[in-house]
Amino acid sequence: MFRPQVNRKALSLDLSLSPKVAGWVRGDAGSLRQVLINLVGNAVKFTNQGRIGIAALPGETHTTSKRRPVLFHITDTGIGIKPENRERIFSMFEQEDASMTKCFGGAGLGLAISKKLVEQMGGSICVESVPGVGSRFSFTVEFDEAAPHFPNAAACQALALPTPETRILIVEDDAFNLKFLMQALEGSGYRVECAQDGASALSMLSGMRFDLVLMDIQLPVMSGIEATHLIRSNAVEGCDPNIPIIAVTAYALRGDSERFLEEGLTDYISKPIDATKLLTTIGRVLAQRQTVRGPGLAGSTPP
Ligand code: MN
């Protein structure tokens, strides 16, 4: 989101996520996202050279609490904030001074909103800053512990899915989405392989048997649509041209579902991906496939 501006100013952007923070928590993702957008947006806006850092690390735990505090730091090498203004900047509509406003535009409203959102999430926000050197905004948010809400083994068995040999090819170029999809599918007992563009997907499909393809549409080298066309036209040696292909797409617009079906895709799910929706769609598509094939086809004898 901030990449164009960061690149234009030749800033470096460092992301750091402590492994101790990784895992599943439940919280207000929308509010957290808004706070990060406000703070990172300000950091980029008020920094003309140097770096922006975004870090998440475990916060201080109260032994009695089941909540998981996470501490976020947004660091910049920007113009900084004078000591006398450090509390004021979180008040609605206040800005550092007229000259700053002239140069950089206002940041006050975003900070006031961020403070409110952080407090609603059970945390607090503060800033350390040296004028001319940079600033570091820190805030904490308390999350609830959460188990990933993937269907459990019993639920999968009730759906008769997945069988241990059900193998899914994930085609996805975005590392975060890929990790999410792998965790969701492996966590539900599927065998998973991945490809990061359409062309490598095709070579994997010709070299290995798969039961289903999860196909991102926007891919480098060869798009998901092109890859689907080639599979459907039986141009991929060793690959069943009727293999179910589920589009995973950011185009969550009305009418797209029909368009994707016309392009030869079996079904589609939209980003951001909901794990339950993902798994039920896969389950439904695989079940339909079994019905089409008929049960016990391999063991049946010709008349
Ligand atoms: Mn993509």
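Data table
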item: The stretch 197-259, accessible area per residue, ligands and nucleic acids excluded (1.4 Å, Å²); result: 46 Å²
item: Rounded percent of accessible protein surface that carbon and sulfur make up, the stretch 6-47, 1.4 Å probe; result: 56 percent
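The values are calculated or read from the model by the stated rules, or taken from the named source; none is laboratory data. Owing to the predicted nature of the structure, the values given are computational and were not obtained by experimental measurement. In case anyone asks, the SASA skips ligands and DNA or RNA and just uses the protein heavy atoms, side chains included. Shrake-Rupley method; radii C 1.70, N 1.55, O 1.52, S 1.80 Å.
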